[in-house]
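Written out below as structure tokens is the structure these notes cover.
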Amino acid sequence: MEGNCSVRNRVFRTLVETEETLSIREIGRRLGISPSLAQHHVGKLCRDGALIREGERGGVYYRLQPMFEDRYDDTLSHIAAIEERIKDATPEKVLACIRLFLDNITEQT
């Protein structure tokens, strides 16, 4: 079974690569995971500020924060760098990777 960080990175990458809003069901379908697992990771990404929730009862969709949309290529290269560093993830390594990612985004703006 994949680790939480790996699944969460795949959810994030899917939204980066599609450049559109997606429902939980569509995210799950594209990744081959259950809607409940997709919801768990999307919820975490929303709480962390990486995704924005849009819509209500008629349909709820998720999209990237504009800072990620504006820097598509940079975002993908940063994700790859983060994934390399968290192969044997510990909380300390994950935090270091997140800081690296945010520092690089901040330096480029």
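The values are calculated or read from the model by the stated rules, or taken from the named source; none is laboratory data. Just so it is clear, the model here is predicted, and its values are computed rather than measured. Here the Cβ positions follow ideal geometry from the backbone for every residue, glycine too, while neighbour counts run over all protein chains shown.
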Review point. Given the conditions (1) modelled with pLDDT of 85 or more; (2) loosely packed, with under 15 Cβ neighbours inside 10 Å; (3) assigned to a helix (DSSP H, G or I), which single one is not true for L100?
Key: (1)
Study note, to complete from the structure: If we take region 1-62, then helices (runs of 4 or more DSSP H) inside it with 1 or more residues that are in contact (Cβ under 8 Å) with a residue 40 or more places away in the chain and of a type in the set (S, T, N, Q) are 4-18
Revision key, fill the gap. A careful count of residues in region 8-46 that are at pLDDT below 95 and either touching a Cys at 6+ places or on another chain (Cβ under 7 Å) or among the acidic types (D, E) (or both) gives 3
